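The values are calculated or read from the model by the stated rules, or taken from the named source; none is laboratory data. Computed from a predicted model, the values in this text were never measured in an experiment. Every residue, glycine among them, receives a Cβ derived from its backbone with ideal geometry; neighbour counts consider all protein chains shown. Side chains included, ligands, DNA and RNA excluded: accessible areas come from the protein's heavy atoms. Shrake-Rupley method; radii C 1.70, N 1.55, O 1.52, S 1.80 Å.
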Amino acid sequence: MKDIVYDTPTINHAVRRHTLAVLVDNEFGVLARVIGLFSGRGYNIENLTVAEVEHTKKLSRITIVTSGTEVVVEQIKKLLEKMVPVHKVHDLTVEGPHVERELALVKMLGDEESRVEALKVADIFRARVVDSTTESFVFEMTGESEKIDAFIDLMIPLGLIEICRTGAAAVSRGKDGI
């Protein structure tokens, strides 16, 4: 008797970080509906940015960073695509190379010695001083999230007192846009 071999597709169960670009109508309640889709199903949003990108057409772009298996992220994309004010959904992570950046403002407080050390670290990370008083100063830094995380980790012992981060802004590389 011959063995029966079933060809089962392989499903990737690995949790992976995904950056989604969602083009939506810029109207009341759209962001709340998108967030509700995530929270209603127990999906986490790691960061979120929203801005109007076409004033005449009243379109906004929502950039969402989330983590999940391929199955979960596919489900998220399908649910987003079904929403009426959503025009396009792109998973920049799987569609190819993309550029992703974040802005951070980092407020420091400290004595003269720690201030000098903070300025040295900021120079290495290409952060720039955007505000300075005799008691504090604020650095502005752009880059990948991991770079900003590393900068913040080094600033903690030097007198870090406040952080403000924008979340990811991302765009695909090459000639095509969304």
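Does Pro97 fit the bill of being in contact with a Lys or Arg (Cβ under 7 Å, 6 or more places away or on another chain), of a type outside the set (A, V, I, L, M) and open to solvent by 50 Å² or more (accessible area, probe 1.4 Å)?
Yes; evaluated as a whole, the condition is true for this residue.
What pairs can you find where one residue is in region 145-158 and open to solvent by 70 Å² or more (accessible area, probe 1.4 Å), the other is β-branched (Val, Ile, Thr) and in a helix (DSSP H, G or I), and their Cβ atoms are less than 6 Å apart, with a gap of 6+ or different chains?
Short answer, once both residue conditions are applied: Leu154/Val121.
For a quick check of your reading: which strands (runs of 3 or more DSSP E) sit entirely within region 120-178 and have at least 1 residues that are at positive phi?
In region 120-178, 136-143 are the strands (runs of 3 or more DSSP E) which contain 1 or more residues that are at positive phi.
Restricting to region 61-85, name every residue that is modelled with pLDDT under 95, assigned to a strand (DSSP E or B) and open to solvent by 20 Å² or more (accessible area, probe 1.4 Å).
Ser67 - this is the single residue of region 61-85 that is modelled with pLDDT under 95, assigned to a strand (DSSP E or B) and open to solvent by 20 Å² or more (accessible area, probe 1.4 Å).
The conditions are (1) within 15 Å of Thr19 (Cβ to Cβ); (2) surrounded by 15 or more Cβ atoms within 10 Å (Cβ to Cβ), and Val30 fails exactly one of them. Which is it?
(1)
Quickly run through region 159-178 and pick out the residues that are among the basic types (Lys, Arg) and either free of Cβ contacts under 8 Å to residues at least 40 places away in the same chain or within 19 Å of Glu46 (Cβ to Cβ) (or both).
The answer is Arg165, Lys175.
For region 162-178, give me the residue count where each residue is within 10 Å of Ala21 (Cα to Cα) and at pLDDT below 90.
Matching residues across region 162-178 total 1.
I'd like to know if region 122-142 contains one or more residues that are open to solvent by less than 70 Å² (accessible area, probe 1.4 Å), at pLDDT below 95, under 16 Å from the mean Cα position of the chain (by Cα) and under 30 Å from Ser60 (Cα atoms).
Within region 122-142, the subset open to solvent by less than 70 Å² (accessible area, probe 1.4 Å) is 122, 125, 127, 129-130, 133, 136-141.
Among the residues that remain, those that are also at pLDDT below 95 are: 133, 136-137.
Now narrow it down to the ones that are under 16 Å from the mean Cα position of the chain (by Cα): none.
No, the conditions are met nowhere in region 122-142.
Looking at region 101-115, is at least one residue over 21 Å from Cys164 (Cα atoms) and either aliphatic (A, V, I, L, M) or modelled with pLDDT of 95 or more (or both)?
The answer is no, given that none of the residues of region 101-115 is over 21 Å from Cys164 (Cα atoms) and either aliphatic (A, V, I, L, M) or modelled with pLDDT of 95 or more (or both).
Which condition number does Thr93 fail, the rest of (1) touching a His at 6+ places or on another chain (Cβ under 9 Å); (2) free of Cβ contacts under 8 Å to residues at least 12 places away in the same chain being met?
(2)
Does Leu92 satisfy being under 30 Å from Ser39 (Cβ atoms), under 16 Å from the mean Cα position of the chain (by Cα) and open to solvent by 60 Å² or more (accessible area, probe 1.4 Å)?
No, not satisfied.
Could you check Lys2 against (1) modelled with pLDDT of 90 or more; (2) charged (D, E, K, R); (3) loosely packed, with under 12 Cβ neighbours inside 10 Å and say which number it fails?
So the condition that Lys2 fails would be (1).
Within region 33-50, count every residue that is more than 23 Å from Val94 (Cα to Cα) and either open to solvent by less than 70 Å² (accessible area, probe 1.4 Å) or in contact with a strand residue (DSSP E or B) (Cβ under 7 Å, 6 or more places away or on another chain) (or both).
Qualifying residue count, region 33-50: 2.
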